[in-house]
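Asker: My questions all concern the structure below.
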Amino acid sequence: MMHMARHRETEGSQALFRSLQHITAGSTAAGVDLPSPTVQRSKELRKMKKFRFQLLHRWLTERFEPCRVADIGGGKGLFAFLMQQSGWDATVIDPIYQDLPHKYKDFTNGRRVKIAPTESVPHINQAFMSIMAQDFDLLVGMHAHGCNAAIIDAAVEFGCGFVIFPCCVIDEPFYPVIGVDWLECLADYAVRQGHHVMPFRLNFKGQNIGLAAVENCQLILNAGSKS
Ligand SMILES: C[S@@+](CC[C@H](N)C(=O)[O-])C[C@H]1O[C@@H](n2cnc3c(N)ncnc32)[C@H](O)[C@@H]1O
């Protein structure tokens, strides 16, 4: 039973991804290399769940020149910290302040990396508001509750790129109709707002499909095919 349920989940996820490609077809900006989702066994995927920040960090830093990135709904700020370590100007925007974690795992070599108590990332302890986008080039929302539509709107208003990994539909200004996935609803909304949207997937368990509109981000010249 469990096996069948997982199988159905994978098929459902693949169908959703195809639907997102269909919704965003024609809006996609040329030149950005997208990872084709490699299928991992569910045990490996579960293990990767805690690496979502590392995976997104790698995806961005391998493709784009450093810029000013907002980690909206960033929680403990590990994603912002990793971006900062790579020379990006990163800020957490989250009404609830949390300290950085004490450590994280470098998934490329399995080593545990300590974060010194003296380390910090800039933090705006407020709910995200559109106007904040004026200080950023890229708005990132990793499972950022209640911020997805606002990120899409703010990116249009202030000419920023965005990358969102939506999860639950909480406190958003609109909701999908029955039979439409939240990601499909958001992809359609972003395309109608004029964004060049690309769906992409990172190899972690859970809500791992992202929507990116990164035409304003500067591509690294000769960035090859990366995962
Ligand atoms: C599910 S957690 C995700 C945290 C982190 N990005 C992650 O992937 O683990 C959602 C985060 O969104 C924050 N949040 C909720 N409403 C928000 C808002 N209006 N603006 C910014 N952050 C918000 C919460 O405080 C929480 O840290």
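Every number here is computed from the coordinates shown, using simple stated rules; none is lab data. Quick caveat: nothing in here was measured; it's all calculated off a predicted structure. Heads up, the Cβs are rebuilt from the backbone with ideal geometry, glycines too, and the neighbour counts pull from every protein chain shown.
Asker: Run the dipole for segment 2-213 about the Cα centre, Lys and Arg Cβ at +1, Asp and Glu Cβ at -1, nothing else charged, and hand back the magnitude in debye, nearest 20. Please list the in-between numbers first.
Answerer: Values: 22 positive and 21 negative charges, 277 e Å.
Dipole magnitude for segment 2-213 comes out near 1320 debye.
Asker: Between residue 65 and residue 129, what is 0.36 nm times their sequence separation minus the Cα-Cα distance? Round to one decimal in nm.
Answerer: This chain segment gains 20.5 nm when fully extended.
Asker: Please report the net charge: other residues with Cβ closer than 12 Å to the Cβ of residue 146, K and R +1, D and E -1.
Answerer: Working: positive: none; negative: 94, 171, 172.
Charge balance in the 12 Å sphere: -3.
Asker: Output ³J(HN,Hα) for segment 161-169: one whole-Hz value per residue in order, computed from phi by the Karplus curve 6.51 cos²θ - 1.76 cosθ + 1.60 with θ = phi - 60°, and x for Gly and Pro.
Answerer: x, 8, 9, 10, 10, x, 10, 6, 8
Asker: With each pseudo-label sitting 7 Å past Cα toward Cβ, what's the residue 85-residue 118 distance in nm, one decimal?
Answerer: Those two pseudo-labels are separated by 1.7 nm.
Asker: Let me ask something else. With r defined as the distance between the Cβ atoms of residue 175 and residue 18 and R0 fixed at 35 Å, what FRET efficiency is calculated, to the nearest 0.05? Mind dumping the intermediate values first?
Answerer: Details: r = 23 Å, r/R0 = 0.65.
Once the sixth-power term is evaluated, E becomes 0.95.
Asker: List every residue whose amide H lies under 5 Å from the amide H of residue 124, counting only residues 5 or more places away in sequence or on a different chain, with H placed 1.01 Å from N in the peptide plane.
Answerer: Placed amide hydrogens put 92, 93, 94 under 5 Å from residue 124.
Asker: Can you bin segment 2-213 into rounded, prolate or oblate? Criterion: square roots of the alpha carbon gyration tensor eigenvalues sorted a ≥ b ≥ c, rounded for a/c under 1.5, prolate for a/b above b/c, oblate for the rest.
Answerer: oblate
Asker: What lysines does residue 50 reach when the alpha-carbon gap must be under 17 Å and sequence neighbours fewer than 8 apart in one chain are set aside?
Answerer: Those lysines meeting the cut-off are 76, 103, 105, 114, 205.
Asker: Then there's this: Among 109-122, 139-152, 55-68, 204-217, how do they line up by average Cβ neighbours within 10 Å per residue, starting with the highest?
Answerer: Highest mean packing first, the order is 139-152, 204-217, 55-68, 109-122.
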